[in-house]
Amino acid sequence: MTLDRSWDVIVVGGGPAGSSTAALTAMQGRRVLLLEKERFPRFRIGESFMPATWWSFEKLGITGKLKASHFQRKHSVQFYLKDGRATAPFFFSEVDPRESSSTWQVDRGEFDTLMLGHAAEKGVRVVQEALVHEVLFEQDRAVGVRATLPGEGELRLEAPVTVDATGQAALLSQSMKLKQYDAKLKNAAIFTRFDGAVRDPGVHEGATLVIHTDNEKAWFWYIPLAGGVVSVGVVGPMDYLIKGRSGDPQRVFDEEVARCPGLKPRLANARQSAGLRVLRDFSYISKQIAGDGWLLVGDAFGFLDPIYSSGVLLALKGGEMASESIAAAFESGDFSGRTLGRHGPRFVQGMEALRHLVYAFYAPEFHFKKFLDRFPDGRDGITHLLTGNAFTYDATGLFAEMDQMLPLEDYRPLSLGE
C-alpha cells in the first residue's frame, strides 16, 4: 500500500518520547505518522523507571499491559556510602500509599517495542527502518520531512507539525545548533549485565541501588531485572573514567568494582552475561523546545544525568505535554513556536528540580545521610523527587535547606532561550 504523503503530525523517532507523543496525539483524532530508523526490538539503556511514570501510562492506557508483564517491580531506591554501608531505603510509598508508588525495572528492548506497538493500536501509522534525511522548511516554518522508506524510496512527507524524538542524535537540535551542555555534568558510563548476582529478598528485590566507590570518584547503578538478571554500570567524569585511564573498558570496569565495597559482595558469585558498552552521559538542554511547525521531545530536547533514573519519566512527561500543545495548535489553527512550545517553561521547571537534586549528589562531601541528620524534615521532599513528582511537588523549601550544605556559587538554573 502506498503511504500517504500528507499527515497532521509527523513524529521522527519511536522511543518512549516519540511513541507517547504519537499515541496521545492520535487519541485526539489526529492523523499521525511515526518514522523510526531502526527495527524493534533494539538495545537501549535506561531500564529503571520513576513511579511518577504511572500517570503517563494511565493516560496512554497501557498500565494494564505493564501490570500483566514479567517486568520486575520496583518499590524503592537505596544509596550506599563509600565504605559499603547502606543508608535507609527511600520507599516511594512513604509519600503515596497507592499502587502508583511502585514502578518497573525493564528490558528497554521489550518495553520500547511494547510502547511502539501500543501507539500503532491507538491509530498511529508506524514505519520502521525509515531514514529521515532532514526536516523540510519553507520560510523558517517546518513543513515535513524528506525520508527514505522501505519499499517506497525517497519521499517528501508533509505535515503542519513535525516532532523531533530522535534521542541524543537530536536531528533538529544538532542542525540548528540549539544544544547547551552542562559543564559540570560531563560523565561517561561503562555497563553490562550479570546473572546470579545477589538480589535482596521480598519488597527489596527490585530496588535500584546507587553505590559509591571508595574514592567517591565514581558510582555504580545496580538494577535488578526479570529472569535473575542485574544491570550494573559505573558512571564517572570522562577525565577520570576514560581519558585518565589506560586499558580497555573491561579493565576499567573491573578496577572500579574492586574499589566498591558495597558492590563486590553482590558480584562475588555472579557471571557477567553481556559485553561491556560505553556511553557518554553529557547533560544538556536545547535553547528552544519548539519553533514554527516543529517541537522537540525526550532526549532530542534535553538529557539529564542518569543518577535518579529520570530519563523515561522526562520522555513520557515531555510527550504528554507536547501532545497537549499540539492539540492547542490544531484547535486554534496556530502552529507557531509560541503555541507548540507553550508547555516549555513548565517542563523545564520540572526538569530543573531533578537537576538540582543531581547537583546535590555530585557535590563534594554532600550525602543524603548528612543532610537528613541535619534536616530530618527533608526526607519526604527527597522521596517525592525520587518518586518523580518534580512536576507536582513544590521543592522550594527542600532546596533552601539543601543549598545550605551545597557549594553552588556557580550553579545556573535551566532556562530556555540562552
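No value in this document is a laboratory result; all are computed from the given coordinates. In this text, all values refer to a predicted model and were calculated from it rather than measured experimentally. Using ideal geometry, Cβ is built from the backbone for each residue, glycine included, and neighbour counts are taken over all protein chains shown.
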Of all helices (runs of 4 or more DSSP H) fully inside the stretch 252-349, the set with 3 or more residues that are within 21 Å of the chain's Cα centre (by Cα) is 311-332
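Conditions tested, residue by residue: (1) under 26 Å from Glu134 (Cβ atoms); (2) out of contact with any helix residue (DSSP H, G or I) (no Cβ under 7 Å at 6 or more places or on another chain); (3) among the acidic types (Asp, Glu).
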{"site": "Tyr284", "(1), (2), (3)": "yes, yes, no"}
{"site": "Ile307", "(1), (2), (3)": "no, no, no"}
{"site": "Leu316", "(1), (2), (3)": "no, no, no"}
{"site": "Ala329", "(1), (2), (3)": "yes, no, no"}
Leu116, sole failed condition from (1) crowded, with 16+ Cβ neighbours inside 10 Å; (2) farther than 30 Å from Pro265 by Cβ; (3) without any contact (Cβ under 8 Å) to a residue 60 or more places away in the chain:
(3)
For the structure I just gave you, tell me whether Ala119 is among the small types (Gly, Ala, Ser), touching a Leu at 6+ places or on another chain (Cβ under 6 Å) and farther than 30 Å from Phe366 by Cα.
no
Cβ pairs under 6 Å, 6+ apart or interchain, first in the stretch 201-220 and within 15 Å of Thr103 (Cβ to Cβ), second in a strand (DSSP E or B) and of a type in the set (Val, Ile, Thr), ordered by first then second residue, are Thr208/Val77; Thr208/Ile223
Any idea how many residues of the stretch 201-221 are in contact with a Ser or Thr (Cβ under 8 Å, 6 or more places away or on another chain) and outside any loop (DSSP other than H, G, I, E, B)?
6
Please work out which residue is surrounded by the most Cβ atoms within 10 Å (Cβ to Cβ), limiting yourself to the stretch 350-377 and to residues that are part of a helix (DSSP H, G or I) and over 25 Å from the mean Cα position of the chain (by Cα).
Phe371
